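The values are calculated or read from the model by the stated rules, or taken from the named source; none is laboratory data. Just so it is clear, the structure is predicted and the values come from calculations on it, not from any experiment. Cβ coordinates were reconstructed from backbone atoms using ideal geometry, including for glycine residues, and neighbour counts include every protein chain displayed.
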């Protein structure tokens, strides 16, 4: 048996504050790490089998289903690149990141697994290698991802994404974010195709919404840095209207956005691909956030999370 120490790795969720869909069309975007939602992966050596424990279920690597093909190919690539293709292992995964809600669950899982693998192999992991392997999995899971998920699930600071390049920046915002799950599974591929169709059928209106989202991204960054939550909230609500114009919102999302605003939120919008998934609202403080979270639950949110900014 090959003797390796156990290796573990972590990653966290993310939320796109601004730039949903527009980032695909070379517009800038801002995303933040959600440090309270995380995934942990742990490798340990076995005599022969290659087993993954996911959601409490043990599955052989070769039996991973189509919805986990990106993860299967990631693990195969990691093993092959390090001459461990025949090595037995047990990979245990624990996560509290909701799946298919726009929180970067697949990118976080790929990042945690990559970190755990390199720790198991007792090899250094550069940021470039981490991005390479996470992107490999994301390309299979999502087609042609922008790269913002892969960057943000391994960052502890807000991420500015532009021209396929990421940089982090510090924020001094004194406000609180409330995230809410509609309970409706997000549909990334369908949402991306809807935007493509909107550009074909209604180019002027659709491109106006996309370019406006790009302009708003600069204003979001400035408001975060300058501690201007009132302006930030107004920008979020404006961005939601742009995403409605692109036809990627959903009645449940619109219902939760309206409920948050009625409860006193400074602003609210969908986050991620839309057509279900999640939204967020901005509150002045933690007390207001709790009130808004209760209003969202009453309006039908399946689950809510309060996130300091």
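Please specify each residue of region 242-252 satisfying the condition of being in contact (Cβ under 8 Å) with a residue 24 or more places away in the chain, under 17 Å from residue 19 (Cβ atoms) and more than 19 Å from the chain's Cα centre (by Cα). Talk me through it step by step, then tell me what you get.
Taking region 242-252 first, the residues in contact (Cβ under 8 Å) with a residue 24 or more places away in the chain are 242-243, 245-250, 252.
Now restrict to residues that are under 17 Å from residue 19 (Cβ atoms): 242-243, 245-246, 248-249.
Hits for region 242-252 are 242, 245, 246.
Checking the conditions here, which among 259, 299, 239 is touching a helix residue (DSSP H, G or I) at 6+ places or on another chain (Cβ under 6 Å), within 20 Å of residue 16 (Cβ to Cβ) and at pLDDT 95 or above? Full working, then the answer.
Numbers: 259 fails: within 20 Å of residue 16 (Cβ to Cβ); 299 fails: within 20 Å of residue 16 (Cβ to Cβ).
From the options 259, 299, 239, the qualifying one is 239.
From 66, 11, 22, 77, which residue is touching a strand residue (DSSP E or B) at 6+ places or on another chain (Cβ under 6 Å) and either farther than 24 Å from residue 307 by Cα or assigned by TED's automatic domain parsing to the domain that holds residue 138 (or both)? Can you show your working first?
Numbers: 66 fails: touching a strand residue (DSSP E or B) at 6+ places or on another chain (Cβ under 6 Å); 22 fails: touching a strand residue (DSSP E or B) at 6+ places or on another chain (Cβ under 6 Å); 77 fails: touching a strand residue (DSSP E or B) at 6+ places or on another chain (Cβ under 6 Å).
So the residue among 66, 11, 22, 77 that is touching a strand residue (DSSP E or B) at 6+ places or on another chain (Cβ under 6 Å) and either farther than 24 Å from residue 307 by Cα or assigned by TED's automatic domain parsing to the domain that holds residue 138 (or both) is 11.
Residue check: is residue 293 touching a strand residue (DSSP E or B) at 6+ places or on another chain (Cβ under 6 Å), modelled with pLDDT of 95 or more and over 30 Å from residue 198 (Cβ atoms)?
Criteria met by residue 293.
If residue 201 passes every condition in (1) out of contact with any helix residue (DSSP H, G or I) (no Cβ under 8 Å at 6 or more places or on another chain); (2) under 30 Å from residue 170 (Cα atoms) but one, which one does it miss?
The failed condition is (2).
Only one of (1) in contact with a strand residue (DSSP E or B) (Cβ under 8 Å, 6 or more places away or on another chain); (2) outside any loop (DSSP other than H, G, I, E, B); (3) under 30 Å from residue 253 (Cα atoms); (4) in contact (Cβ under 8 Å) with a residue 40 or more places away in the chain is not met by residue 113, so which one is it?
Evaluating residue 113 over (1) in contact with a strand residue (DSSP E or B) (Cβ under 8 Å, 6 or more places away or on another chain); (2) outside any loop (DSSP other than H, G, I, E, B); (3) under 30 Å from residue 253 (Cα atoms); (4) in contact (Cβ under 8 Å) with a residue 40 or more places away in the chain leaves (3) as the failure.
Could you check region 155-196 for strands (runs of 3 or more DSSP E) lying wholly inside it with 1 or more residues that are closer than 15 Å to residue 272 by Cα and at pLDDT 90 or above? First the steps, then the outcome.
Values: elements: 159-162, 165-168, 176-181.
Of the strands (runs of 3 or more DSSP E) lying wholly inside region 155-196, those with at least 1 residues that are closer than 15 Å to residue 272 by Cα and at pLDDT 90 or above span 159-162, 176-181.
Which one of the conditions (1) at positive phi; (2) free of Cβ contacts under 8 Å to residues at least 60 places away in the same chain; (3) in contact with a helix residue (DSSP H, G or I) (Cβ under 6 Å, 6 or more places away or on another chain) does residue 104 fail to meet, given that it meets all the rest?
Just one mismatch for residue 104, condition (2).
Mind checking which strands (runs of 3 or more DSSP E) fall wholly inside region 215-309 and carry at least 3 residues that are more than 30 Å from residue 25 (Cβ to Cβ)?
Values: elements: 267-271, 278-283, 303-308.
Once the strands (runs of 3 or more DSSP E) in region 215-309 are filtered for at least 3 residues that are more than 30 Å from residue 25 (Cβ to Cβ), what remains is 303-308.
Within region 52-75, can you find the residues that are surrounded by fewer than 16 Cβ atoms within 10 Å (Cβ to Cβ) and out of contact with any helix residue (DSSP H, G or I) (no Cβ under 6 Å at 6 or more places or on another chain)? Before the answer, list the steps.
So the first thing to find is which residues in region 52-75 are surrounded by fewer than 16 Cβ atoms within 10 Å (Cβ to Cβ), and the list is 53, 55-58, 60, 62-63, 65-67, 69.
53, 55, 56, 57, 58, 60, 62, 63, 65, 66, 67 - these are the residues of region 52-75 that are surrounded by fewer than 16 Cβ atoms within 10 Å (Cβ to Cβ) and out of contact with any helix residue (DSSP H, G or I) (no Cβ under 6 Å at 6 or more places or on another chain).
Residues that are closer than 30 Å to residue 131 by Cβ and either touching a strand residue (DSSP E or B) at 6+ places or on another chain (Cβ under 7 Å) or assigned by TED's automatic domain parsing to the domain that holds residue 301 (or both): does region 247-261 have at least one? It would help to see each step written out before you state the result.
So in region 247-261, the residues closer than 30 Å to residue 131 by Cβ come out as 248.
Still in the list and also either touching a strand residue (DSSP E or B) at 6+ places or on another chain (Cβ under 7 Å) or assigned by TED's automatic domain parsing to the domain that holds residue 301 (or both): 248.
Yes: one or more hits.
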